[in-house]
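A short write-up of the structure that comes next.
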């Protein structure tokens, strides 16, 4: 039978229930309420030998889980597991009927049963506050900042001033002996850490060598210069005619001393007629 012809109740009874029993969830009771869109309800008791969370083993009873299957037409099946001792602890997933059987089994195992077991078993979140602080003090500062992003619980632990007091004593003991001066241990650690990184950066800049100069190819030798024979040649302008004497201003006449000043040149005299 192809998977597309199977109904959600077959997936619920033939796949989900057996996989729950294989992983320590014993079936206690089952009921089918066909008056409410064929809602299937089963109750399971967790018998797996794993350390339970404190709020479960302190009650001296094994936790029970109520699993509800809600088919959405013939294409989807919504599975919702609720822990009876704590209604806040629940797991929900959506199964597609057109997936392959192996795909459905893998999704049920990884997205439903594993999360349900983790919900019932003890975790790092259930450790005492002192042990959480001890774990955080063993981490590098970069991992400590990442732990603050995990959940609100771990963010509250990372913001505790007792943690930063221990970190200041571990990393900056000279500041720990000095004590606080109207500031918190976190602010003191933050300032000391910033100064340390800045000092390391300056030392890196000081020890860093200059880049090697670029090697250019050798240029061909320049041709030899020819010697200059004698003084440089300065062209001399010929003197202007004498009849321009009266037309040349006195400033220009002083610059050119070759202009005749008596109206004669080479013993010849020139007469200028006045134009009326």
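Overview of values
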read-out: Inter-probe distance in nm under a simple model that places probes 7 Å from Cα toward Cβ, at residue 173 and residue 142; value: 2.6 nm
read-out: Approximate spin-label separation residue 78-residue 96, in nm, with each point projected 7 Å along Cα-to-Cβ; value: 1.8 nm
read-out: Value of D in µm² per second that Stokes-Einstein yields for segment 3-124, Kirkwood Rh from Cα pairs, at 25 °C (0.890 mPa s); value: 166 µm²/s
read-out: Estimated distance in nm for a label pair at residue 124 and residue 106, the labels positioned 7 Å out from Cα along Cα-to-Cβ; value: 2.7 nm
read-out: Segment residue 59-residue 88, length gained on full extension (0.36 nm per residue, minus Cα span); value: 8.8 nm
read-out: Cβ-derived FRET efficiency at R0 51 Å, residue 225 paired with residue 190, nearest 0.05; value: 0.15
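All of the numbers you see were taken from the coordinates with simple rules; none came from a lab. This one's a predicted model, so the numbers in the text were calculated from it and none came from an experiment. Don't worry about glycine lacking a Cβ; one is built from the backbone with ideal geometry, like all the others, and counts go over all protein chains shown.
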